[in-house]
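Contents: one structure, followed by commentary.
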Amino acid sequence: MAYIHVTATKITVCIDNAQHPLIIDRGAHFSIVARNYLYNHFPNWENQLLPTKEKNFKSASEKMISIGTIIKEIIIPHKKGNIRLNPEFVGLYNARIQGLLLGTDYQRMYGIDI
């Protein structure tokens, strides 16, 4: 018998009236989005970038390069009423994620427990 320990859940959220994948990851400290995803899905994203407070980002395999922080209102559909959050996502130049990742920074802030 084998067991699998899952640290992430993938859901679909609404951002700017469009559906986007969001990974809720208990193993990630920061909420992130890849530059390529911003480029392909959010027009004028470069005008919304803010300076990044944290400067050192690492994945399991390499150092990540921050391009800034972007705030996006996300709507999580729920049968008892939609949940609205306004997390800051760190934009990473060399991230490979397709979609957005909600890390433990905002999970703790909003009391999300998966």
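Assorted remarks:
- Summarising the strand pairing of the chain, around 80 percent of its internal DSSP beta bridges are antiparallel.
- Residue order, fewest to most beta carbons within 10 Å, for Thr104, Thr12: Thr12, Thr104
- Net charge of Cβ neighbours under 13 Å - reference Pro87; Lys, Arg +1; Asp, Glu -1: -1
- In plain terms, if you count all Cα to Cα distances in the chain and split them into 10 Å steps from zero, the share in each step is 13, 48, 31, 7, 1, 0 percent.
- Here the sum of -39500 (n - 2.57) over DSSP H runs of 4 or more residues, divided by the residues of the chain, equals -3000 deg cm²/dmol at 222 nm, to the nearest 500.
- Relative packing of 23-33, 88-98, 60-70, 46-56, which averages over residues the other C-beta atoms within 10 Å, highest first: 23-33, 88-98, 60-70, 46-56
- Placing unit charges on the Cβ atoms only, positive for Lys and Arg and negative for Asp and Glu, gives the chain a dipole magnitude near 180 debye about its Cα centre.
- Its Cα centre serving as origin, the stretch 45-98 has a Cβ charge dipole (Lys and Arg +1, Asp and Glu -1) of approximately 260 debye.
- Ellipsoid semi-axes in whole angstrom, largest first, where each is sqrt(5λ) of the Cα gyration tensor of the stretch 31-92: 24, 15, 11
Each reported figure results from applying straightforward, stated rules to the coordinates on display, with no laboratory input. The shown structure was predicted, so the numbers you read here are calculated from the model rather than taken from an experiment. Please note: Cβ atoms are built from the backbone with ideal geometry, for glycine as well, and neighbour counts cover all protein chains shown.
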